[in-house]
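Participant: To start, I am sharing the structure in question, which I have written as C-alpha cells.
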Amino acid sequence: MIHSLFVINHSGDVFMEKHWRSIIPRTVMDYFFEAQRQVVKDNKGHEDVPCVIATPHHYLISIYRNSLYFVAVCMSEVPPLFVIEFLHTVVDILEKYFSECNESNIKEHYVVVYELLDEVLDNGYPLATEPNILQELIRPPNIIGNLINTVTGKSNVSSVLPSGQLSNVPWRKADVKYTNNEAYFDIIEEVDAIIDKTGKQNCSTVFAEIAGKIECCVRLSGTPDLTLSFINPRLMDDVSFHPCVRLKRWENERILSFVPPDGSFCLMTYHVGCQSAVAIPIYIRHNFFLPKENSQSQTGKIEITVGPRQTMGRVVENLQLSIPMPKFILNCTVTVNQGRATFDPVTKILLWDVGKIDPTKLPNMRGQIHIQSGALILQSTPSVNVQFTLTQIAISGLKVHRLDMFGENYKPFKGVKYLTKAGNFQIRM
C-alpha cells in the first residue's frame, strides 16, 4: 500500500519524510518537482500539480493543503482516491492537534507527528484514524506536558491501550461522563455556481451545485444511540458518512442512526446536484467598458451594483467581491457607497469588501480604469468571484426533523445551526 510519505513546502524543500515499509530515496521526488516546474511554466496554481504521477517504479499520489504538498509513495497500483482521502485525514488529524497544520507547527512538534504517523498506518495500511482515539493514545502537546516530558524523559504516548479500541465502537471512549449533556449539529452548505453575463435579476445559471456537510459536537455521558431524521432527505446525493453511521438504516429509511464519537467530528457530507434546487442568493448589475484598440483614450469605466435575490428572508453577510483585471490595467480608482475597495497593482485584483447587504440601499461601486500607455487593449471582460454567508438557513432547503436518543435515561440539550456560504461562486461580466 503506502510505503513512504514526503512533506514539501512551497519552496520545494522536503522538510519531513516518513517510511513504513522500506526506505525510498528522496530522488523519487524529482518526478514530482518536474511536474511542479511544468505547472509554474504554464502559469497555473500550486494546486494544479497532477494528483497522481506514474514513475517507472513508483506511483506518487499527492494533495496540496495549507501551502504544503503531502506526497505518498506507492510501489504497486492502489485506488488513488483511497490514498488521497487518507492524506486528507492525516492533515485533519494534525489540525486537531496543532489547530493549524503548517510547516512551523510540524517542525516544532516533529516527535508528536512521527508518533501519530506510526499509529495511523501499520505496515502501509491505515489503522487508527479516529482523532478521539488518537488523542487518548497520544496526548496533544501543551506547555506543561512538554515541561514534564523534558524533566522525566517520558513521551506523549500513553502506556495503556485506548478503551475504545477493544469495543465494537472503536471511535468512542468507554465510561464517558459529563455534568452537562449536550449535542450540537451544524449544517454547513457551500454554493458553487457560474452565472452568465446578463447582469439582471433574472440571470440564468450556467452551473450550480451545493456541497454540504454536518459538523457535530457531541458531549454525552455513557454510550448513547442517536437517530437524526430530516424533513426532506431525498435532496441529498453522493452522501459520505462517518464510520459510526449505520448504512442499512439510511438506505432503507433515510434516517441517520449512530453511536457518536465523543467530541467534535464530521457526521456526513453530501451534494445537491439538481440545478433547479439551488437558489442563487445575490445578483449583480454591472457596466464594464474599455476603450477601443485605436482610441486615444487611456481610461475605461466600471460600475457594479449588488442586490439580494433568493435569500429566503435572510440577510447576506460578509459579502466580498474579487475581480481579477487584465494585465494591461495600470490602476483602478473607484468609489463605493458601502464597505471598502482596494486595487493591488501587482496581482491586478480589485477587491471590494462590502459586508452586509441593505435591501433599502444597494451597495454600489463606480470609477475609472487606467490602462498602461502603449499597451495592447484586448476586449475582454473579467469575472467576479464572490464570497458571502447566510446564517440560520440551508440554501438547499434541508431541515432537521428530530433528534432522538436511546440507551440512556437523561435528557440532553440539543441544538441545530444552519450556515450557507459561497464556495466557487463566479459571475461573468
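The values are calculated or read from the model by the stated rules, or taken from the named source; none is laboratory data. Everything numeric in this text was worked out from a predicted model, so none of it was measured. Here Cβ is always computed from backbone atoms with ideal geometry, including for glycine, and neighbour counts include all displayed protein chains. Heads up: the accessible areas ignore ligands, DNA and RNA and are worked out on the full protein's heavy atoms, side chains in. Shrake-Rupley method; radii C 1.70, N 1.55, O 1.52, S 1.80 Å.
Participant: Among the residues of the stretch 308-317, is there at least one that is open to solvent by 30 Å² or more (accessible area, probe 1.4 Å) and under 30 Å from residue 222 (Cβ atoms)?
Facilitator: Checked against the condition, which is being open to solvent by 30 Å² or more (accessible area, probe 1.4 Å) and under 30 Å from residue 222 (Cβ atoms), the stretch 308-317 yields no hits at all.
Participant: Let me ask something additional. Go through the stretch 9-22 and give me each residue that's of a type outside the set (Phe, Trp, Tyr) and modelled with pLDDT of 90 or more.
Facilitator: Hits for the stretch 9-22 are 9, 13, 14, 16, 17, 18, 19.
Participant: Continuing with this model, one more query. What tally of residues in the stretch 362-401 results from selecting those that are more than 33 Å from the chain's Cα centre (by Cα), surrounded by fewer than 17 Cβ atoms within 10 Å (Cβ to Cβ) and modelled with pLDDT under 90?
Facilitator: Here the count works out to 8.
Participant: Next up: Within the stretch 325-341, can you find the residues that are modelled with pLDDT of 90 or more and open to solvent by 60 Å² or more (accessible area, probe 1.4 Å)?
Facilitator: Residues satisfying the conditions are 333, 335, 337, 340.
Participant: Further question: Considering each of 404, 353, 358, 344 in turn, give the residue that is among the acidic types (Asp, Glu) and open to solvent by less than 60 Å² (accessible area, probe 1.4 Å).
Facilitator: On the way: 353 fails: open to solvent by less than 60 Å² (accessible area, probe 1.4 Å); 358 fails: open to solvent by less than 60 Å² (accessible area, probe 1.4 Å); 344 fails: open to solvent by less than 60 Å² (accessible area, probe 1.4 Å).
Exactly one of 404, 353, 358, 344 is among the acidic types (Asp, Glu) and open to solvent by less than 60 Å² (accessible area, probe 1.4 Å), namely 404.
Participant: May I pose another question? Among the numbered conditions (1) open to solvent by 10 Å² or more (accessible area, probe 1.4 Å); (2) touching a Ser or Thr at 6+ places or on another chain (Cβ under 9 Å); (3) at pLDDT 90 or above; (4) not polar (S, T, N, Q), tell me where residue 114 comes up short.
Facilitator: (2)
Participant: Starting from the stretch 380-399, keep only residues that are farther than 25 Å from residue 236 by Cβ, then list their pairs with residues that are among the hydroxyl-bearing types (Ser, Thr, Tyr) and surrounded by 15 or more Cβ atoms within 10 Å (Cβ to Cβ) whose Cβ atoms are within a distance under 9 Å, requiring at least 6 positions of separation or different chains.
Facilitator: 384/322; 385/322
Participant: On to the next question. Answer yes or no as to whether residue 97 is at negative phi and in a strand (DSSP E or B).
Facilitator: No, not satisfied.
Participant: Taking residue 35 as meeting all but one of (1) of a type in the set (Gly, Ala, Ser); (2) open to solvent by less than 70 Å² (accessible area, probe 1.4 Å); (3) within 22 Å of residue 110 (Cβ to Cβ), write down the number of the exception.
Facilitator: In the conditions (1) of a type in the set (Gly, Ala, Ser); (2) open to solvent by less than 70 Å² (accessible area, probe 1.4 Å); (3) within 22 Å of residue 110 (Cβ to Cβ), residue 35 misses (3) alone.
Participant: Can we say residue 129 is in contact (Cβ under 8 Å) with a residue 40 or more places away in the chain and over 24 Å from residue 176 (Cα atoms)?
Facilitator: no
Participant: Report, by residue number, each residue of the stretch 71-90 that is outside any strand (DSSP E or B), buried (at least 20 other Cβ atoms within 10 Å of the Cβ), among the β-branched types (Val, Ile, Thr) and touching a helix residue (DSSP H, G or I) at 6+ places or on another chain (Cβ under 9 Å).
Facilitator: 90
Participant: In the stretch 53-70, what residues are open to solvent by 50 Å² or more (accessible area, probe 1.4 Å) and in contact with a strand residue (DSSP E or B) (Cβ under 7 Å, 6 or more places away or on another chain)?
Facilitator: 59
For (1) within 18 Å of residue 126 (Cα to Cα); (2) in contact with a helix residue (DSSP H, G or I) (Cβ under 6 Å, 6 or more places away or on another chain), each residue gets a yes or a no:
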residue	(1), (2)
9	no, yes
17	yes, no
29	no, no
43	no, no
46	no, no
54	no, no
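Participant: Take the residues in the stretch 174-194 that are part of a strand (DSSP E or B) and farther than 30 Å from residue 425 by Cβ, then tell me which one is most open to solvent (accessible area, probe 1.4 Å).
Facilitator: The residue in question is 182.
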